[in-house]
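Chemist: Have a look at this one.
Just so you know, all these numbers are worked out from the coordinates, no wet-lab data involved. Everything numeric here is computed off the predicted structure, so don't read it as measured data. Glycine also receives a Cβ, built like all others from the backbone with ideal geometry; neighbour counts cover every protein chain displayed.
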Amino acid sequence: MSESVILAGACTPSGDLFAGLGALSSVTLGALIIEGALDRAGICAADVDYVITGQEQARQAAQRACIPDWVPAISVSRTRLSGLNVIALADQLIRGGQRDVVVVGGVDLGDDARPAQGTLSGRRPEGAVLDAMVGGSVARRDIAAHFGPTAAPGLPRRADCAVAIVLMRRAKAERLGLPWLAGVGAHSTVVTSAGSSYAQAVRAIRQALREVPATPKDLRLVEVRKTLPVNGTDRTPVPLSAAGHAFDTTGMRMVLRLAQALKRRGRGMGAASMWGDHPAEAVIVCSHAF
């Protein structure tokens, strides 16, 4: 099996509603972010073998980024876990020997694209599970929290939520002399109604670690996030079919942050995990020297 590495990534500033990107279409924004990631990776669009994006116009975004028409371009939507899932799909393509260079990306659309704002007002007892599981830094975002209404609900919410990551087969990166941020160690999905949702995130991390193989003590950085519900215009939950675009770039941002942090540290292993109502997804990221 081949090992995939994260060459580079690019993302727009998170939460900046006045970045001047609101006038761009999702296709244009998706193409720009792909071009930025390729430029940072040091490769050209002709080197790409596969494109996986969250927005529905994957083919149009790939074409506008000058990626050849013969390169497959697919769109995925697994509600709020899509961001981590596209990383897993790209890694599987590379490990299986089907592709050498895969670009993943996405643009958040719709009323629910901006993260909820508010103050942390609670904590689940299961929080101690992850504390005991890892000895490194743990970043908890949106877990065991009840968020209040946003400060400015009338503002547009998708002006700047775009991200792209370039993954390559490690052997090819070494042959070309290209540096990379980190490697994708393993990934896992847990789908069960047993136990709390937070416990499923911990279980997904443990399951992925067994594939590396590694133990929880090997983790130095961990980021876990609860997916936010898809809301309607009146901020009440609605069925997914009625919610329109449900892709979330959060998972890709988490993996990119971990890869960059491990690159700065020079050694170590990190985990990114998200959970929804029942399923939980986890990706293990390893530094160059691990």
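Chemist: What full-extension length gain, to one decimal in nm, is calculated for Gln92 and Val212 as 0.36 nm per residue of separation minus the Cα-Cα distance? Don't skip to the answer; put the middle values down first.
Modeler: Working: separation 120, 0.36 × 120 = 43.20 nm, distance 1.41 nm.
Using 0.36 nm per residue and subtracting the Cα-Cα distance, I get 41.8 nm.
Chemist: How much net charge surrounds Arg220 when only the other residues with a Cβ under 9 Å from the Cβ of Arg220 are counted, with Lys and Arg +1 and Asp and Glu -1? Don't jump to the answer; show the numbers that get you there.
Modeler: Working: positive: Arg265, Arg267; negative: Asp218.
Local net charge: +1.
Chemist: Here's another thing I want to ask about it. Taking the Cβ of Ala261 as the centre, find all other residues whose Cβ is under 11 Å away and add up their charges (Lys, Arg: +1; Asp, Glu: -1). Let's see the in-between values first.
Modeler: On the way: positive: Arg220, Arg257, Lys263, Arg264, Arg265; negative: Glu223.
That works out to +4.
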